[in-house]
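Below is one structure; the comments refer to it alone.
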Amino acid sequence: MEIAVRQSSLERSRGSHDSKKCPQCRAEALVMLRRHVSPPQWGAPVVTEYYDCEYCEASYQFSPADNRWRPIYH
Ligand SMILES: [Zn+2]
């Protein structure tokens, strides 16, 4: 299983907030396009960040709350 290895490398790079690794090509080329916070009337705010990879041109949305990447299909 490759997934466990990926998660541990994410843990290690947590200190530096700007270099996020692309889940697809693993280059540290992700650029944040925008950051969305859910409106307060929804309850606890949910943060969603949108990224583009400059290396492989993949698009992702990232939820810091559960540390999960979701691919965005065009
Ligand atoms: Zn990439």
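The values are calculated or read from the model by the stated rules, or taken from the named source; none is laboratory data. As the structure is a prediction and not an experimental result, all values here were calculated from the model. Quick reminder, even Gly has a Cβ in these numbers, built from the backbone with ideal geometry, and neighbours come from all protein chains shown.
Points to keep in mind about this one:
- Counted residues, region 14-52 - those being among the hydroxyl-bearing types (Ser, Thr, Tyr), more than 16 Å from the ligand (Cβ to nearest atom) and either modelled with pLDDT of 90 or more or closer than 18 Å to residue 68 by Cβ (or both): 2
- Residue within region 59-67 that is touching a strand residue (DSSP E or B) at 6+ places or on another chain (Cβ under 9 Å), within 16 Å of the ligand (Cβ to nearest atom) and either of a type in the set (A, V, I, L, M, F, W, C) or at pLDDT below 95 (or both) present: yes
- Whichever residue in region 36-65 is among the β-branched types (Val, Ile, Thr) and in a strand (DSSP E or B) and, among such residues, is farthest from residue 20 (Cα to Cα): 37
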